[in-house]
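See structure below.
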Amino acid sequence: MSRASTAPAQPVLLTQRRIWIIFSALVAGMLLASLDQTIVSTAMPTIVGQLGGVEHQTWITTAYLLATTIVMPVYGKFGDVFGRRNLFLIAIVIFTLASVGCAFAGDFWTFVIFRALQGVGGGGLMILSQAIIADIVPASDRGKYMGPLGGIFGISAIAGPLLGGFFVDHLTWQWAFYINIPIGIAAFVITFLALSLPSKKATRRLDIPGVVLLSIATACLIFFTDFGGSTDHGWDDWRTWAFGAGLLVAAISFVMVERRADDPIIPLSLFRNPIFINSTAIGFTLGLGMFAALAFIPTFLQMSSGTSAAASGLLLLPMVAGLMGTSIYSGLAISRTGKYKAYPIAGTIVVILAMLWMTTLSETTPIWMICVQLFFFGAGLGLIMQVVILVVQNSVSSDMVGTATSTNNYFREVGGSLGVAVFGVMFTNRLSESLTEIFAGTGAGVDAAAEATATLDPAALDALPPAVQEQIVAAYADSLAPVFWYLIPFLVIALVLAITLKQIPLSDVAGMVARGEAVGGADADRLEAERTAAAASTPRAPQPPR
């Protein structure tokens, strides 16, 4: 028995004009979610300083990441069950109202709560945008839309820190959240008017136990990696391993519940699909390497160039250019040829070569060479990220697109969390030891050296003697370069997975058309023309005399 209600009597006409209007709403929604992940980074010192939460500032990032990761599978599944239009509108409203709450927060913990609510909305915007594209565009033509959506993340990686720094320097930090309001309103209006997706009714029992257990497992995972990767707790803290034990128990319980659930939030049958397994594993290993590298490269650039966080963000422009260029190119090429397998293979090879090049990083490496390395790193990522999502969507039936999309994104985020935590410890431990030795060598005591290490930033670095500055930049390079060696084996695994990825034909039917909810292509254009002509030829009813 189908989960969805019967299709509407008059199906939606997916004309090219309507598709582009819907796409503009999706771009606005994706921009909202991705921009807010980065815009807070440069405003964070000012925010925590004014709201009084310096010692707890990591909660600003953790709250958003935790909420986003938890709700991804929920939005994916509920979109398949209830329809995606109303959920997308709800996600826009939650995100926009939470932005208002952040701007008017009077204390630190109120701000953190609203940041978490932003994550609840942001997770929905990311997942539903990708799933709605699958509803309205067939897989054979979807690449040219997925490419620009992937490019939005690249734009946000640069625009976010720059805007955050500008608002702090010239206006107030609250403008980092005010800016979401007009974008959110525009996205809501366009979506409300143009996104004609049918609502549905669940015909099977919702998997509430699965949602709860998956949320618990995700929370334990985030805190396990957060505690383990922090200097306050570390991997030998009992609380770190308490979260690890909670993760293990919740994960085992989740699998047991999903095996018996009437309509599981993450159907275990997905993991019997070899294409889905390969694509999701690529996303996991890529996320592990990508997020770990991106977490620490900006810090090195900031310290080595002596610029502010906002200005050093400009040094990431080559990476963004590479990512956007290959993301858009691969999308257009896949739409033209119908072949996708070569792009993850080529992308993984480029990323591996770029990371091998990054292992040569030293204090004498010129900034322009680092920018070239980042260009190739971004170019490799652009050949993989959106292509993997397209492959996942093409490997499942139209009524499981949201679930498959969200599960793929979920495991990529999980890989990213693990990568940042594990390899972050390697980087920070080596760096801390080196910096302590450097400051101790200047005549400072051990305690003074440790304090100087903990409070070091570009402004403090600039005030030090040139000889000490050179040693510190060398310490950053010597601590960062070995991390890339540890990441390469995981990328080699991703390459093997890409090589063994099966090539199957791309569907030429949009999800809504496959479910009988819409008419697409030339038939949609013909029916719209007939409806327009019929409306024009219908005589108007006589108006009553005034």
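The values are calculated or read from the model by the stated rules, or taken from the named source; none is laboratory data. All figures in this text were calculated on a predicted structure; none of them were measured in a lab. Cβ: placed from backbone, ideal geometry, glycine included. Neighbour counts: every protein chain shown.
Here are some notes:
- Helices (runs of 4 or more DSSP H) completely within the range 280-373 that count 3 or more residues being modelled with pLDDT under 70: 309-312
- Conditions (1) part of a helix (DSSP H, G or I); (2) at pLDDT 70 or above: number failed by Gly106: (1)
- If the condition is being crowded, with 16+ Cβ neighbours inside 10 Å and among the aromatic types (Phe, Trp, Tyr), then the range 332-376 contributes Tyr340, Tyr343, Trp357, Phe375, Phe376.
- Single residue of Gln174, Gln130 found to be polar (S, T, N, Q) and crowded, with 24+ Cβ neighbours inside 10 Å: Gln130
- Gly154 meets the stated requirement of being of a type outside the set (A, V, I, L, M, F, W, C), closer than 29 Å to Gly338 by Cα, modelled with pLDDT under 80 and crowded, with 24+ Cβ neighbours inside 10 Å.
- Note on the range 203-227: residues that are touching a helix residue (DSSP H, G or I) at 6+ places or on another chain (Cβ under 8 Å), β-branched (Val, Ile, Thr) and over 17 Å from Gly244 (Cβ atoms) amount to 1.
- Of the residues contained in the range 110-129, none is found to be under 30 Å from Ile328 (Cβ atoms), assigned to a helix (DSSP H, G or I) and basic (Lys, Arg).
- Residue in the range 504-523 that is surrounded by fewer than 22 Cβ atoms within 10 Å (Cβ to Cβ), at pLDDT 70 or above, within 30 Å of Arg85 (Cα to Cα) and β-branched (Val, Ile, Thr) present: yes
- For Ala379, the criteria (1) under 30 Å from Asp207 (Cβ atoms); (2) modelled with pLDDT of 85 or more; (3) of a type in the set (A, V, I, L, M) hold in every case but one, which is (1).
Each row is one residue, and each column tells you yes or no for (1) modelled with pLDDT of 65 or more; (2) within 23 Å of the chain's Cα centre (by Cα).
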position: Arg3; (1), (2): no, no
position: Phe23; (1), (2): yes, yes
position: Ala28; (1), (2): yes, yes
position: Thr46; (1), (2): yes, no
position: Leu65; (1), (2): yes, yes
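- A search for C-beta distances below 9 Å between a residue of the range 471-486 that is under 19 Å from Leu286 (Cβ atoms) and touching a residue at least 40 places away in the same chain (Cβ under 8 Å) and any residue that is surrounded by fewer than 21 Cβ atoms within 10 Å (Cβ to Cβ) and of a type in the set (Gly, Ala, Ser), counting only pairs 6+ apart in sequence or on different chains, returns Val483/Gly424.
- Neighbours by Cβ (under 6 Å, 6+ apart or cross-chain): first from the range 261-275, in contact (Cβ under 8 Å) with a residue 12 or more places away in the chain; second polar (S, T, N, Q) and buried (at least 20 other Cβ atoms within 10 Å of the Cβ): Ile266/Thr407; Asn273/Ser395; Ile275/Ser395
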